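Asks: Please see the structure below; I have some questions.
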Amino acid sequence: MAGGGVESGAPGKRAHLYEHRFTNYFAFTCIVGALGGSLFGYDLGVSGGVTSMDDFLKEFFPKVYRRKSSHLNETDYCKYDDQVLTLFTSSLYISALVMTFFASYLTRIKGRKASIIVGALSFLAGAILNAAAKNIAMLIIGRVLLGGGIGFGNQAVPLYLSEMAPAKNRGAVNQLFQFTTCAGILVANLVNYFTNKIHPYGWRISLGLAGVPAVLMLIGGLLCAETPNSLVEQGRLDEARRVLEKVRGTRNVDAEFEDLKEASEEARAVKSPFRTLLKRKYRPQLIIGALGIPAFQQLTGNNSILFYAPVIFQSLGFGANAALFSSFITNGALLVATVISMFLVDKFGRRKFFLEAGFEMIICMIITAVVLAVEFGHGKELGKGISAFLVVVIFLFVLAYGRSWGPLGWLVPSELFPLEIRSAAQSMVVCVNMIFTALVAQLFLMSLCHLKYGIFLLFGGLIVIMSCFVFFLLPETKKVPIEEIYLLFENHWFWKNIVSDQNQRTSNGKPVAIV
């Protein structure tokens, strides 16, 4: 149904002449670039664990602690329903969506490296402030700085990886971002598991250690080369060619370099990239890459589970350490799934992973809702057998997400946009992603309280909708050079009617311009 492919010898394009060999320099640039994901991942993992720690709640949210203590021996969907507590988590993502527009300007004018460095500095400052927090105001300001770091990092890093990677390996390389995100989540859960036993300041250690990936990203940003695409866009052609030869491992880069220069000439003609993004010929990229996929990634419900896994498991009757350990197991599934996706996504393609994993996620959400409807909410803890079964189901859900919407939610948007609108479009991707991340983070515990098991049925229904979206509207992008992606839409069964080269339609026998 996706329709459309790209012939390697398409007129005016030279993808069939591209050459590349693996080099240690290329590996270094990609690994360091991918460290940006560890910022996002560590925060995703650490926030939910910290908000379930008694010492943290006693100091900043005593009402939540008293409510939790009063329900210590019973299950309660509403133990953690507190909007200020969830603001601690969601304020970061509100900040990130605002800062990504500043990142767009910096990324386009000064390059991808500049945004990576600024993001690392902002995240480091936020980690220090959170670790030293004495009141809620300090916590929130620290979260805003962390959000700035994520806004800049998430805007620049996926672009950096996609532009550094050769087309045949772009999927695996770009998923290094998701891999380091998952690794950050896993490390954060492990840190929380141990710091929960350090009283009364274990939570400070958890929040302060966010500075470690920020320092690594800062060092990497200073040492790595700028992408050839960005250097060409800035007019630094000689340097761009040297970097391209270095990352491709060959001096025979004439074909790719010529395509980059042509794309750059088109990009320089664009004075207002955000306005250009709204043009008719970019409608598929706008709807699929900038709006649909980043919103749907959050509406799968997975990040809600990652944010609040310890809280959810405690609400379902698990003890504090058992809750943190269970969330550590589920996040281990996310890391394993990402490795699977890295090795197979360029072989099987994006669409198959989206659709196959989507079916599994729907089944897992339905099973979770049914089990909770039957066994939970009667003032008693879940039995060990049922609890173990729920952990397995959530594990399978995360395993499916981790090889589909998790990594592909960043990969597919980063490869859809031509150079002239790429930085602006990536800002839109991050903005939409963060809007829905913040909404889900802010509303999830309240929804869990009011909808109870119905929240999982809601997520299941949303996954049905997004799977249909992928099936009908997303063409396969594997192994297609970024500068030729637009050809997919010109051959797509639906999009070709919108992005056709024909610039006029006939109305009452008179030509009418398409705008």
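Asks: Across the range 476-482, in residue order, what do the Karplus-derived ³J(HN,Hα) couplings come to in whole Hz, using 6.51 cos²θ - 1.76 cosθ + 1.60 with θ = phi - 60° and x for Gly and Pro?
Replies: 6, 10, 4, 6, 8, x, 4
Asks: At what distance in nm do the modelled label points of Phe101 and Arg275 sit from each other, each positioned 7 Å from its Cα along Cα→Cβ?
Replies: The answer from the label model is 1.6 nm.
Asks: Something else now. Which entries in Lys110/Lys281; Lys347/Lys384; Lys347/Lys496; Lys168/Lys271 show an alpha-carbon gap greater than 30 Å? If you can, show how the numbers build up before the last one.
Replies: Numbers: Lys110/Lys281 27 Å; Lys347/Lys384 41 Å; Lys347/Lys496 26 Å; Lys168/Lys271 32 Å.
Those over the limit are Lys347/Lys384; Lys168/Lys271.
Asks: Sticking with this one: For the peptides 234-240, 117-123, what is the packing order when you average, over each peptide's residues, the other Cβ atoms within 10 Å and list the highest mean first? Mind showing how you got there, number by number?
Replies: Details: 234-240: 15.1, 117-123: 25.4.
Per-residue mean Cβ counts within 10 Å order the peptides as 117-123, 234-240.
Asks: Counting only other residues whose beta carbon sits under 12 Å from that of Phe102, what net charge do I get with K and R as +1, D and E as -1? Kindly include the intermediate steps, with their values, before the conclusion.
Replies: Numbers: positive: Arg108, Lys110; negative: none.
The answer is +2.
Asks: Give the relative contact order (percent, whole number) for the range 272-499; include only Cα pairs under 8 Å separated by 6+ residues.
Replies: Values: 260 pairs, mean separation 85.5, N = 228.
Relative contact order here is 37 percent.
Asks: Sticking with this one: With labels modelled as points extended 7 Å from the Cα through the Cβ direction, what inter-label distance (nm, one decimal) is found for Leu451 paired with Lys110?
Replies: That separation, rounded to one decimal, is 4.1 nm.
Asks: Follow-up. With a 1.4 Å probe and every protein chain left in place, work out the accessible area per residue of the range 136-228 in Å², rounded to a whole number.
Replies: On the way: 2740 Å² over 93 residues.
Solvent-accessible surface per residue comes out at 30 Å².
Asks: A further question on this structure: Residues with beta-carbon under 13 Å from that of Ser427, excluding Ser427: net charge, scoring Lys, Arg +1 and Asp, Glu -1?
Replies: Numbers: positive: Arg108, Arg112, Arg422; negative: none.
Surrounding charge for Ser427 is +3.
Asks: Accessible area of the range 22-224 with a 1.4 Å probe: how many percent of it is carbon plus sulfur? Don't skip to the end; give the middle numbers.
Replies: Details: 5010 of 6910 Å².
Whole-percent figure for carbon plus sulfur exposure: 72.
Asks: Going by average Cβ neighbours within 10 Å, how do the peptides 147-153, 281-287, 132-138, 205-211 rank, with the highest at the top? Numbers along the way, then the final one.
Replies: On the way: 147-153: 29.9, 281-287: 19.4, 132-138: 13.0, 205-211: 21.4.
So the peptides 147-153, 281-287, 132-138, 205-211, ranked by packing, come out 147-153, 205-211, 281-287, 132-138.
Asks: Further question on the same structure: Can you give me the distance in nm between label points at Arg268 and Val392, each placed 7 Å from the Cα along the Cα-to-Cβ direction?
Replies: 6.2
Asks: Could you work out how much longer the chain between Lys352 and Ser70 gets when fully extended? Use 0.36 nm per residue separation minus the Cα distance between them, nm to one decimal. List each step's numbers first, then the result.
Replies: Values: separation 282, 0.36 × 282 = 101.52 nm, distance 4.76 nm.
Computed gain between Lys352 and Ser70 is 96.8 nm.
Asks: Around Leu121, under 15 Å between beta carbons, what's the net of Lys plus Arg minus Asp minus Glu among the other residues?
Replies: Numbers: positive: Lys110, Lys113; negative: none.
Residues close to Leu121 contribute a combined charge of +2.
Asks: Under 16 Å from the 7 Å Cα→Cβ point of Lys496, by amide nitrogen: which residues of the range 466-483?
Replies: Flagged as within label range: 473-476.
Asks: How large is the charge dipole for the range 272-499, taken about the Cα centre, if only the Cβ atoms of Lys, Arg (+1) and Asp, Glu (-1) carry charge, to the nearest 20 debye?
Replies: On the way: 17 positive and 11 negative charges, 80 e Å.
Here the range 272-499 has a charge dipole of around 380 debye.
Asks: What is the Rg over Rh value, at two decimals, for the range 272-499, using alpha-carbon atoms and the Kirkwood definition of Rh?
Replies: Numbers: Rg = 19.0 Å, Rh = 18.6 Å.
Taking Rg over the Kirkwood Rh, I get 1.02.
The values are calculated or read from the model by the stated rules, or taken from the named source; none is laboratory data. Keep in mind the model is a prediction, meaning the values are calculated, not measured. Note: ideal-geometry Cβ built from the backbone for every residue, glycine included; neighbour counts use all protein chains shown. Just the protein is used for accessible areas: all its heavy atoms, side chains included, with ligands, DNA and RNA removed. Shrake-Rupley method; radii C 1.70, N 1.55, O 1.52, S 1.80 Å.
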